[in-house]
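The values are calculated or read from the model by the stated rules, or taken from the named source; none is laboratory data. No experiment lies behind these values; they were computed from the predicted model shown. Neighbour counts run over all protein chains shown; Cβ positions are idealised from the backbone, glycine included. Keep in mind that these areas ignore ligands, DNA and RNA; they rest on the heavy atoms of the full protein, side chains included. Shrake-Rupley method; radii C 1.70, N 1.55, O 1.52, S 1.80 Å.
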Amino acid sequence: MVLYDLADINELMHAAMLRRRTQVPGNEVTYLVDRNVNYTNVCTINCQFCSFYRPPEHPETYIQSTDEISDRLSELEDIRGSRVLMQGGVHPELPLEWYTELLSELRSRHPSIALDCFSPIEIEGISEVCGIPTKQVLMHLKEAGMHGLPGGGAEMLVDEVRLDISPKKGSAENWLRVMREAQELELTTSATNVFGFGETNMHRVLHMDRVRVMQDDAVSAGRTGFTSFISWPVMLENNSFGSRNRGNNRIVLGASPTEYLRHVAVSRLFFDNIAHIQASWPTMGSDVAQMALLAGADDAGSTMMEENVVSASGTTKTEATEEELQRMILRAGFRPRKRDSDYVLLETNTIHEDLASPVPMQPEA
Ligand code: SF4
């Protein structure tokens, strides 16, 4: 809290950068070539900040077929991508077999693509529809080919904030429990954090604390736990949360670039047990994301081909090419390195040879 409230931003960023150098040594910044698939926009959870979902029976609802989704994965193979992030709304009727059959088919048609699918609230939705506990749902999905879970839906893991912005999403403990079960089954997981709902700095630190305590438990039990921590400010342009909070309230909602950089730097210093901190270019733009790389982030996120959920609320840029991510990393003074969903480093063809020898802009630790 002292760092969050009082630290000089330059000193904070510098300290976070030094910590980054000890946790993730070297001058490389990683990125992932992936795509998003939003298999359905039907959702019964009605989060106030969400502009993506449509309630059941709405004329604009859709559910994608296996062939449609498979075509999208073929496009990903064409650009040598390695992971699909598949999320939808929480559909009130699709049975477990719909998900397992989809996963099995995708697994056999696209064996090189890691299937990171269905955030904790979707797992809870499937559990309700099919009447079996969430851990059993996860076991069936893993057996069908699921590799991991997206970290979505964490937002703020503080119940008084959750109740205000998405009361039907349930308690923070629900999100943590499903993630714990996924980690016990050795599914890949990451932790996210959307902030800027008007919560206090203490709420933000409490969110980080809940993730850090769970990570301690995972590590002491010999598990990987969360691969990374990814934060971004809420987008407000096109949703009821934004409309409800026009006028003076807008000043306290979302986050300015400095506030975002402070959040990234504090998260790097706070998470002594999570190696990777991600910069968010879709919400903050590539200029601020570059600054985040100087504030302790070591990963530039992913190409996010066809992201629909956050972008529906008003991001300016919704997907990036591998070349654009490389350019962003190089121009911040780092060497780009492609990775997979588990942060395993992959062979990388540096596209901009003229920029391929960046000068490190921060001292080694
Ligand atoms: S954020 Fe997810 S759970 Fe919430 S309304 Fe949108 S699609 Fe549904």
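List of remarks:
- Among the residues listed as Glu77, Glu68, Glu57, the single one being open to solvent by 40 Å² or more (accessible area, probe 1.4 Å), within 16 Å of the ligand (Cβ to nearest atom) and either part of a loop (DSSP other than H, G, I, E, B) or modelled with pLDDT of 95 or more (or both): Glu57
- Among the residues of segment 164-176, the ones that are modelled with pLDDT of 95 or more and either under 18 Å from the mean Cα position of the chain (by Cα) or within 16 Å of the ligand (Cβ to nearest atom) (or both) come to 4 in all.
- Within segment 80-98, the set of residues being within 16 Å of the ligand (Cβ to nearest atom) and within 22 Å of Met304 (Cβ to Cβ) comprises Leu85, Met86, Gln87, Gly88, Gly89, Val90.
- Elements of type helices (runs of 4 or more DSSP H) contained in segment 207-302, each with 1 or more residues being modelled with pLDDT of 95 or more and open to solvent by 10 Å² or more (accessible area, probe 1.4 Å): 257-270, 281-293
- On the stretch given as segment 111-143, residues that are buried (at least 20 other Cβ atoms within 10 Å of the Cβ), assigned to a loop (DSSP other than H, G, I, E, B) and out of contact with any strand residue (DSSP E or B) (no Cβ under 6 Å at 6 or more places or on another chain) total 2.
- Residues of segment 177-189 that are under 19 Å from Leu85 (Cβ atoms) and either within 19 Å of the chain's Cα centre (by Cα) or open to solvent by less than 10 Å² (accessible area, probe 1.4 Å) (or both): Val178, Met179, Ala182, Gln183, Glu186, Leu187, Thr188, Thr189.
- All positions within segment 109-147 that are of a type in the set (Gly, Ala, Ser) and more than 19 Å from the chain's Cα centre (by Cα): Ser112, Gly125, Ser127, Gly131, Ala144, Gly145
- Here Ser119 meets each of (1) polar (S, T, N, Q); (2) away from the ligand (no atom under 16 Å from the Cβ); (3) closer than 21 Å to Met235 by Cα with one exception, condition (2).
- Checked against (1) modelled with pLDDT of 95 or more; (2) not in a strand (DSSP E or B), Val29 meets all criteria but (2).
- Taking the conditions (1) surrounded by fewer than 22 Cβ atoms within 10 Å (Cβ to Cβ); (2) at pLDDT 95 or above; (3) near the ligand (Cβ under 9 Å from one of its atoms) in turn, Leu18 satisfies each one other than (3).
- Every pair of residues 6+ apart whose Cβ atoms lie under 6 Å, when the first sits in segment 333-344 and is touching a residue at least 12 places away in the same chain (Cβ under 8 Å) while the second is among the charged types (D, E, K, R): Arg335/Glu28; Arg337/Glu28; Ser341/Arg83; Ser341/Asp116
- Residue tally, condition part of a helix (DSSP H, G or I) and crowded, with 20+ Cβ neighbours inside 10 Å, over segment 190-204: 1
- Of all residues making up segment 1-15, the number that are among the hydrophobic types (A, V, I, L, M, F, W, C) and open to solvent by less than 30 Å² (accessible area, probe 1.4 Å): 3
- Checked against (1) open to solvent by less than 20 Å² (accessible area, probe 1.4 Å); (2) assigned to a helix (DSSP H, G or I), Gly89 meets all criteria but (2).
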